[in-house]
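Taking it in order: structure first as structure tokens, then the write-up.
The values are calculated or read from the model by the stated rules, or taken from the named source; none is laboratory data. Given the structure is predicted, the values throughout are model-derived calculations rather than measurements. With ideal geometry, Cβ positions are generated from the backbone for all residues, glycine too; neighbour counts draw on all protein chains shown.
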Amino acid sequence: MSFANLKRQSGNLDKLSKAIEALNTNSEGSEKSDNFWRPEVDKAGNGMATIRFLPASEKDGDDGLPWVKIFSHGFQGSGGWLIDNCLTTKNQQCPVCEHNSTLWNSGIEANKDVVRKQKRKLNYIANVYIVSDPKHPENEGQIKLFKFGKKIFDKISEAMNPQFEDEKAVNPFDLWKGANFKLKIRKVEGYQNYDKSEFDSPSALLEDDDELEKIWKNEFSLQELISDKEFKSYDVLKQRLDKVLGLNGEAPRTTVEQVKAKAFDAPKAKAEDSPFKDDTSDEDDLSYFSKLAEED
Ligand SMILES: [Zn+2]
């Protein structure tokens, strides 16, 4: 473009506005992931940071919990990767878990290894306030989403239900009487290990209630992370599974009635000590089954 043209277009924002519009419509995914905080480790696999778990967001209503529990699958087959949220998160039948269940009960030992690879994995997500992040000090004072596994959730649970009588129960999500969490990561046998992480003694996150209110109001909705748009439908997930594992796509389509019938069979399968059923509480299952019964 000539300089004269440049001058002629001076003040015209059309092109740039369109570009920004396109950016905004395409970057929904990456924008969302920016809300997540991930602790960074050094070359040896060590890392540390101090975070504060925050109470349930105002956006999730009075009944909201300060965490959400999400099951997901992530594995590679001959037809590519399957990386998807598991429908059992929402107490629905999941085609991947169903397939695993068939394999597990096939009596073939090698199938159990396949199931271990494909089984649903449990994660929790909570709002956290970054108190200290030595590798990325720019995160300090920010509110982020933090995804963590059972190990850290057990530490939260222990703080709320201490094992010994001389220990006082602490709600780690309390802005005033909670406690900072010192996240300490080491590499043990090739895996990130969180055993050394611990809660500090209880204290208010900040002394200024106005600041605390600001933090609370700026939390992210956790319910949004498990809203319908974050999950494929049963049929779409089944198609993906068939493609990834190269399964015969001509199997008869499962009807809603068959899915429900299978749902009632599920508790029997659960009685067996199978790894892909380990994390569902009976209460959740029961409420799901009674809901189905009501519909009929
Ligand atoms: Zn599943």
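Values computed for the structure shown
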item	result
Subset of the range 100-110 that is of a type outside the set (Gly, Ala, Ser) and farther than 30 Å from residue 228 by Cβ - its residue that is farthest from the ligand (Cβ to nearest atom)	109
Strands (runs of 3 or more DSSP E) wholly inside the range 28-99 that include at least 2 residues being farther than 19 Å from residue 150 by Cβ, within 16 Å of the ligand (Cβ to nearest atom) and of a type in the set (A, V, I, L, M)	80-85
Any hit, the range 65-78, residues being more than 23 Å from residue 218 (Cα to Cα) and among the basic types (Lys, Arg)	no
Filter result for residue 212 (surrounded by 16 or more Cβ atoms within 10 Å (Cβ to Cβ) and part of a helix (DSSP H, G or I))	yes
Residue match in the range 111-133 (condition: assigned to a strand (DSSP E or B), within 16 Å of the ligand (Cβ to nearest atom), in contact with a Cys (Cβ under 9 Å, 6 or more places away or on another chain) and of a type outside the set (S, T, N, Q))	yes
Verdict on residue 242 being buried (at least 16 other Cβ atoms within 10 Å of the Cβ), free of Cβ contacts under 8 Å to residues at least 60 places away in the same chain and not basic (Lys, Arg)	yes
Matching entry among 148, 181, 164 (being more than 18 Å from the chain's Cα centre (by Cα), of a type in the set (Phe, Trp, Tyr) and within 23 Å of residue 36 (Cβ to Cβ))	181
Residue match in the range 50-57 (condition: buried (at least 17 other Cβ atoms within 10 Å of the Cβ) and among the basic types (Lys, Arg))	yes
Sole residue being hydroxyl-bearing (Ser, Thr, Tyr) and in contact (Cβ under 8 Å) with a residue 24 or more places away in the chain, chosen from 102, 88	88
Qualifying residue in the range 162-170 (condition: assigned to a loop (DSSP other than H, G, I, E, B) and either touching a Ser or Thr at 6+ places or on another chain (Cβ under 8 Å) or crowded, with 17+ Cβ neighbours inside 10 Å (or both))	yes
Single match in 140, 158 (criterion: more than 13 Å from residue 52 (Cβ to Cβ) and out of contact with any Pro (no Cβ under 7 Å at 6 or more places or on another chain))	158
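Quick grid of which residues meet (1) modelled with pLDDT of 95 or more; (2) more than 20 Å from residue 152 (Cβ to Cβ); (3) of a type in the set (Ser, Thr, Tyr):
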residue	(1), (2), (3)
7	no, yes, no
18	no, yes, no
49	yes, no, no
53	yes, no, no
71	yes, no, no
90	yes, yes, no
93	yes, yes, no
97	yes, yes, no
